[in-house]
C-alpha cells in the first residue's frame, strides 16, 4: 500500500501532462453570401494547442498560424507555397489591416435561448458593433461543455491579453466556449449601393441600400488529439515573402494581407 501511495504523485503528474498536451480540433462548414451572388462555400479546420492556433481553409489552399508565445501571425499560401510572417499584435497602421481587426468593440449579450448542436448544449448570444466603419451584427450558440471548450477559451483569453490597447482589443469580448454556430452580417456603410450612379445617389429622396455580406459557420465535429509541433509550422520548402509596407516591410514582391474576415479570431 505504501509503494502504491508513493506512486500516486507521479501518476498525477503523468495524467496532468497528458491532459495539457492534448489539442482541440474544430471542423467547420462555412457559407459566405456576398453582393452580386458571388457566394462561397468552404470548409475550415481550427486547431488549438496551448498558445498556438492554426486555421486551415479547404484542403490547405490558405492557412493562418498564430503563435502567441513567439508573437507572430503567419499567412500561408498553400497554392503558391509562400508565406508572410507578421508581428502579433501588430503596431501602427498594420493593426487595422490584420484579419479580425475590429473597432470599436462589439458587445455580446446572452439572449436566454439554448440549443443542442452535434450533441452539445450551447447558449445563444447576439452582438452588434462596427468593423472598419461597417455595421456588424452577430448571432451564435456558444458551448462551454463541448470537448476542448476550456482550451478554446483559454487561447482566446490569452490572445485578448496580447491585443489590449490595440484596434484588435475587442477580440477579448467573445463569449466563453466554442461557437458551434455563428452568423455574421456585415452591412457596408456609407456611399451608394453597388451599381448606383452618382446622379442616383444624389437624388433627394433616394433610398440608399447598403450591400451585405453574410457569413454563416457551423461546427461539424470537435475532437481532442495530440498535435505535433509541425502542425503549427510552415511546411518546409515554402518561400518567405517580404512584409507589406504598412507592416514595416519594403513591400517588394510582398503579398497583401487578406481583408479582415470579421470572424471570431482565427
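The values are calculated or read from the model by the stated rules, or taken from the named source; none is laboratory data. None of the values given here were measured: they were computed from a predicted structure. Cβ: placed from backbone, ideal geometry, glycine included. Neighbour counts: every protein chain shown.
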Residues within segment 44-90 that are under 25 Å from residue 154 (Cβ atoms) and free of Cβ contacts under 8 Å to residues at least 24 places away in the same chain, tallied: 7
Among the candidates 66, 45, residue that is modelled with pLDDT of 95 or more, within 15 Å of the chain's Cα centre (by Cα) and under 27 Å from residue 164 (Cβ atoms): 66
Odd one out for residue 6, checked against (1) over 30 Å from residue 227 (Cα atoms); (2) at pLDDT 90 or above: (2)
Filter result for the condition that a residue is in contact with a helix residue (DSSP H, G or I) (Cβ under 6 Å, 6 or more places away or on another chain), modelled with pLDDT of 90 or more and crowded, with 18+ Cβ neighbours inside 10 Å, over 178, 163: 178
Residue among 126, 132 that alone is farther than 30 Å from residue 237 by Cβ and at pLDDT 90 or above: 126
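For every residue, the table says whether it meets (1) modelled with pLDDT of 70 or more; (2) part of a loop (DSSP other than H, G, I, E, B).
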{"position": "16", "(1), (2)": "no, no"}
{"position": "28", "(1), (2)": "yes, no"}
{"position": "80", "(1), (2)": "yes, yes"}
{"position": "86", "(1), (2)": "yes, no"}
